[in-house]
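This report refers to the structure that appears directly beneath it.
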Amino acid sequence: MNILSQILEIILNRSVIAAVIVPGVLTALVLVILIIWVERKIAARVQMRIGPLYVTRRLGGILQLVADAIRFLVSEPIVPATTDKLFYVMMPILLLLLSLLPVAVVPASQSLIVIKTEYGLLAFIALAAITPMVIMLAGWASNNKFSYIGGLREGFMLLSYEVYLFMSLLAIAILYGTLDFIRIINSQEGFWGILLNPIAALSFFIAMLTSTSRFPFEIPDAESEIVMGPFTEYNSIMYGLVMGANYFRLYVLSLVFTDVFLGGWLLPFKIPIPNFVITIAKTFIVMIVAVFLRAVYPRYRIDQALVIGWEKLFPLASLSVLISVLLKGVGI
Amino acid sequence: MMKYIRRIFRALVLKTPIKRLLGWSVAYSIWPVHMVTSCCGVEFAAMADPLFDSERTGLLPFTSPRQTDAIILEGSLSRKMARAVRLVYEQMQEPKYVISMGACSMDGGVFYNSYNLIRAREVLPVDFYVPGCPPRPEGVIRSIVLLQKKIKEGKGLE
Amino acid sequence: MSELIDKLVNELRSKNYNVSREKGRIKVKVALENFVEVVKKLKNMGIDHVKSLTAIDYPSEGRIKVNYILGSYSTKELYETIIIVSLDLSRDSPSLPSLAKMFPSIIYQERECYEMLGIEFKGHDDLRHLLLSSEDFTDVHPLRKEFKIEEEGIMA
Amino acid sequence: MSSKEKTITIFYGPQHPASGHMRIILEVDGDVVIKADPDIGYVHRGIEKLAEHKTYFQVIPMVERQCLPDAAHHNLAYVLALEELLGIEAPERAQYLRTLLAEINRIASHLYGMGLHGVSIGSSTAYMWCFGLREYMLILAEKLTGARITYSYIIPGGVRRDIPQGFSQDVERYLRLFERKMRDLDKLFISNPVTKARLEGVGVLPKEEAIKLGVVGPVLRASGVEYDVRRVRPYAAYPWIDFEIAVKKEGDSYARLLVRVKEIEESIKIIRQVLKDLPDGSILHERYMKLLPPRLKEYVTNTGLVKFPGVFATMKVPKGEGIGSVEAGRGELIYHLISNGESKPYRLKISTPSFRNLILFSHLIKDVKVADVPAIYLSLDYFPPEADR
């Protein structure tokens, strides 16, 4: 029975729970399925429609995404003859893994964190910066003209948003004087980060939209211009993976946004629910705001997005760093 | 006793529950490809609008043939277009379905006798014909609902 | 009708072209030799685009009639006027000078006319197939009268 | 793509989310388009040839199927050409009813173009709202003619049906709702900063260029040429109706969008005027009323539904040529109809606005970003089946 207890110990280990359940794979999966449904429903609501319904009439079509996912799972995988086969097949898997990987250093509650580290913020930035490369590689491996252009665009966007993503997090690090997520959250008691430094929150939010290719910065896979961008050739399960990866990335970034700007599990009042539920709920709200913009905005052109990035958001992010320094100087 | 054995047999050997799940998922996730073959495309576009809202059925017009599993032929098929349609159809993943919309793609409609038209059935294996010139959007949605029924019964899932 | 149109008609008549006028339309019948000259004259008078190019096949008379429907956007007095320049071509090897250099608006009309009736426009640098696929319709000109469509009556 | 070539060729269509039924062959250097060559004919159905094998009446439903968003104008232009050959003119009430349908259809057609223009730059809500608004107009047209988009409403010598009971009140109700929703659309899409950023200064067509290329319709008017067939060669009831021509100077994609919006407003005005000034009288020309047998004549005058006896099917048309030109939703539409005195047209030439705007592809899509291609292409409101015929 020794082995069994050991296995149990491993299973019940906090890190394992964090990796597998909250805030790891399982939560991510459920939230992603929910968010796509919410996205379609909200868009439909704004557009005076109903949206997905017939799939499960009683539940308002909430299983639409499950149906889509199963369909992708069973449909015939095609590897086009002109692709670089190894990379073509590898990229979706890599993309999915790497999109979710940064969650390892982001906590959902005091103890639900996979890797407890002092340098969480730094590790997050490092891990989050890998995915765009994979997207570019995927575009290149597809050997399709649209994928090629899409990959190039992803590269251009990367140059722009990565800077102010980094700077807004830098502002937060300066503000709280630490790179540890849990300490950042704990020091938000009373005042959430978004209140102390709204400009950093704004530039992080826009960087989040850009890096997950949400409207109005849906540029690397702009549908009416370059079909599906880097993922034009991907089909069946592989397309399901890349589509999921995009939403996973949104989830991870939203989780960071919650932790850094919305005080993680902190609430101004006390209610008897577990901490991680509060965090996940906040994350979900952030995700809803991010996907809601689809219903409102058209998309920018790539050069305009770059101009916005460098001429508007870069100074704004710099300003947020300045604000943090000032706040620190005043002694908050 | 026999009942249980039969049920287990069905579950394990005939895999009916799995098949039903597959049928359910494929039926409610028909993604037609953006391929406008002719003027009925106007009604196809109207089908997605707030009045008819084809998204209720899980229909999501999608961009690239690689990710889609249905092709809706909107109206007449010229010789030039038929080649493109065939090419798109070949690129799509199995299982795939074809709905032919409008009188023109059935038999020519008002353009009967035209020198540049061919019939849809000469190019693709059509699953459903929607009559009308042009068919009303409700008609097309009805064809999709019927196609879903057909899929749930196991069409194209072998 | 305005003076400008009167002037235009008089000028054309003075050159002994066959000009008729009705309801804001001026019809000019020209021979192939004078064609470019007339069009040039019209262009100088403010006609600046081609609305339509209609070619009609008359197999019994052995000719193809080409109608150019011209109009003007730049001169307000000429807005309402439609000018129809028509000329006859021989049916066997119809060819006439292209107006593509003068009126860019005719480029695609000429391409269409070329493939539909087999009229060759000399000086047009891009006479390719436009509407019909070249695999099925090389040297077939659907709008000629000898091109019969298979008439299978619905009831037959 | 070999390493030596600097440019790549992109086949933009016919299977492409924003291409419609045509193909543009783009030569692309990085993200910049160097050259565009439209390849059309994917929807060529040979209408001109088929018209030579159908009787004059049978041609009516066929010609309107070349441009479904704008069927009424095709119907009208053909009938005008035919009426010129026949030497008749419809009675005044029929003229007003023709105008009514034409304007309802113009709004629908513009909204179709605007919706697709919206989705081309990524605003799916603009698409949905425009199409939702278009449905109002289609419902009105359905009430008037009995068909959603293929009306065959206008017949030689008049119209097919009188207005139904309570139609004016319906129209007023719908128009009020429509105007309210148009204001919402304006807030969400037309004055949206991202829309402006995407469309302003894109695909600029200067006035001289527009004149030289002979473009038509809203594209021409957005470049500053005040040319509208409704004004310069008035047909139907337009001589008696008061309306403005929407003109913009800029000539870019955004100006084209605004011209369409302005024209929709003008069309609403025209519809109101038509319903206010609608004269009494017959909806069919006397010459045909006389031909009808007494019982049918009674039926027509009582119910306002025109039914033709079989004689009309083989109607012979005098020798000659007729030209019908109207301002369709996409611009000047010309039907050139030639008769040799038989019961079938000898030749029918249709000069459609989309075909005349085709020349713009190679002119406007040059030295622009790939992202601008749909923004320019759909601002032209180019409808390939209409161009291909």
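Annotation note: of A:Arg14, A:Arg57, A:Arg40, A:Arg71, the sole residue that is of a type in the set (D, E, K, R), free of Cβ contacts under 8 Å to residues at least 40 places away in the same chain and farther than 30 Å from A:Ser147 by Cβ is A:Arg57. Please verify whether the stretch C:41-59 includes one or more residues that are among the charged types (D, E, K, R), over 30 Å from D:Arg221 (Cβ atoms) and either crowded, with 18+ Cβ neighbours inside 10 Å or more than 10 Å from chain D (Cβ to nearest Cβ) (or both). Within the stretch C:41-59 (the criterion being among the charged types (D, E, K, R), over 30 Å from D:Arg221 (Cβ atoms) and either crowded, with 18+ Cβ neighbours inside 10 Å or more than 10 Å from chain D (Cβ to nearest Cβ) (or both)), the answer is yes, since at least one residue qualifies. Figure legend. Inter-residue proximity from the stretch B:18-34: first residues over 12 Å from B:Pro95 (Cβ atoms) and facing chain A (nearest Cβ under 7 Å), second residues in a helix (DSSP H, G or I) and among the polar types (S, T, N, Q), beta-carbon distance below 8 Å, spacing 6+ or different chains. Indicated pairs: B:Tyr28/A:Gln64; B:Tyr28/B:Thr57; B:Tyr28/B:Gln148. Pairing residues of the stretch A:262-282 that are crowded, with 20+ Cβ neighbours inside 10 Å with residues that are assigned to a helix (DSSP H, G or I) and of a type in the set (Lys, Arg), at Cβ distances under 8 Å and at least 6 apart in sequence or on separate chains, gives A:Leu262/A:Lys282; A:Gly264/A:Lys282. Of the candidates A:Tyr234, A:Tyr247, the single residue that is more than 14 Å from chain D (Cβ to nearest Cβ), among the hydroxyl-bearing types (Ser, Thr, Tyr) and in contact with a Lys or Arg (Cβ under 9 Å, 6 or more places away or on another chain) is A:Tyr234.
Among the residues of the stretch C:70-123, those that are among the aliphatic types (A, V, I, L, M) and either part of a loop (DSSP other than H, G, I, E, B) or within 23 Å of D:His363 (Cα to Cα) (or both) comprise C:Leu70, C:Leu99, C:Ala100, C:Met102, C:Ile106, C:Ile107, C:Ile119. Please verify whether the stretch D:329-342 includes one or more residues that are at negative phi, modelled with pLDDT under 85 and surrounded by fewer than 21 Cβ atoms within 10 Å (Cβ to Cβ). Among the residues of the stretch D:329-342, at least one is at negative phi, modelled with pLDDT under 85 and surrounded by fewer than 21 Cβ atoms within 10 Å (Cβ to Cβ), which makes the answer yes. Exactly one residue among D:Phe131, D:Phe57 is at pLDDT below 85 and among the aromatic types (Phe, Trp, Tyr), and that residue is D:Phe57. Does the stretch A:300-309 include one or more residues that are among the aromatic types (Phe, Trp, Tyr) and closer than 28 Å to A:Thr27 by Cβ? Checked the stretch A:300-309: no residue is among the aromatic types (Phe, Trp, Tyr) and closer than 28 Å to A:Thr27 by Cβ. Checked against the criteria, D:Ala36 counts as away from chain C (no Cβ under 13 Å), buried (at least 22 other Cβ atoms within 10 Å of the Cβ) and within 30 Å of C:Leu143 (Cβ to Cβ). Out of curiosity, is B:Glu74 within 9 Å of chain A (Cβ to nearest Cβ) and either touching a helix residue (DSSP H, G or I) at 6+ places or on another chain (Cβ under 8 Å) or surrounded by fewer than 24 Cβ atoms within 10 Å (Cβ to Cβ) (or both)? Here the answer is no, as B:Glu74 does not meet what is asked. The residue of the stretch C:72-83 that is modelled with the highest pLDDT, among those that are more than 8 Å from chain D (Cβ to nearest Cβ) and closer than 20 Å to D:Lys349 by Cβ, is C:Ile83.
Scanning the stretch B:103-124 for residues that are charged (D, E, K, R) and within 20 Å of C:Phe137 (Cα to Cα) yields B:Arg119, B:Glu122.
Within the stretch A:47-55, one or more residues are assigned to a loop (DSSP other than H, G, I, E, B) and of a type in the set (Gly, Ala, Ser).
Hey, any hits in the stretch D:176-196 for a residue that's without any contact (Cβ under 8 Å) to a residue 24 or more places away in the chain and over 29 Å from A:Arg294 (Cβ atoms)? Among the residues of the stretch D:176-196, at least one is without any contact (Cβ under 8 Å) to a residue 24 or more places away in the chain and over 29 Å from A:Arg294 (Cβ atoms), which makes the answer yes. I'm trying to understand the selection: among the residues of the stretch D:71-107, which are among the acidic types (Asp, Glu) and either touching a Pro at 6+ places or on another chain (Cβ under 6 Å) or closer than 10 Å to D:Val326 by Cβ (or both)? Residues satisfying the conditions are D:Glu83, D:Glu92. Within the stretch A:117-131, one or more residues are within 26 Å of A:Leu26 (Cα to Cα), polar (S, T, N, Q) and either within 14 Å of chain B (Cβ to nearest Cβ) or in a loop (DSSP other than H, G, I, E, B) (or both).
Per-residue answers, yes or no, for (1) buried (at least 18 other Cβ atoms within 10 Å of the Cβ); (2) within 14 Å of chain D (Cβ to nearest Cβ); (3) on the phi < 0 side of the Ramachandran plot:
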| site | (1), (2), (3) |
| --- | --- |
| A:Val289 | no, no, yes |
| A:Val296 | no, yes, yes |
| A:Gln304 | yes, yes, yes |
| A:Val307 | no, yes, yes |
| A:Ser320 | yes, no, yes |
| A:Leu326 | no, no, yes |
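The values are calculated or read from the model by the stated rules, or taken from the named source; none is laboratory data. Since this is a predicted model, take the numbers as computed values, not measurements. Neighbour counts run over all protein chains shown; Cβ positions are idealised from the backbone, glycine included.
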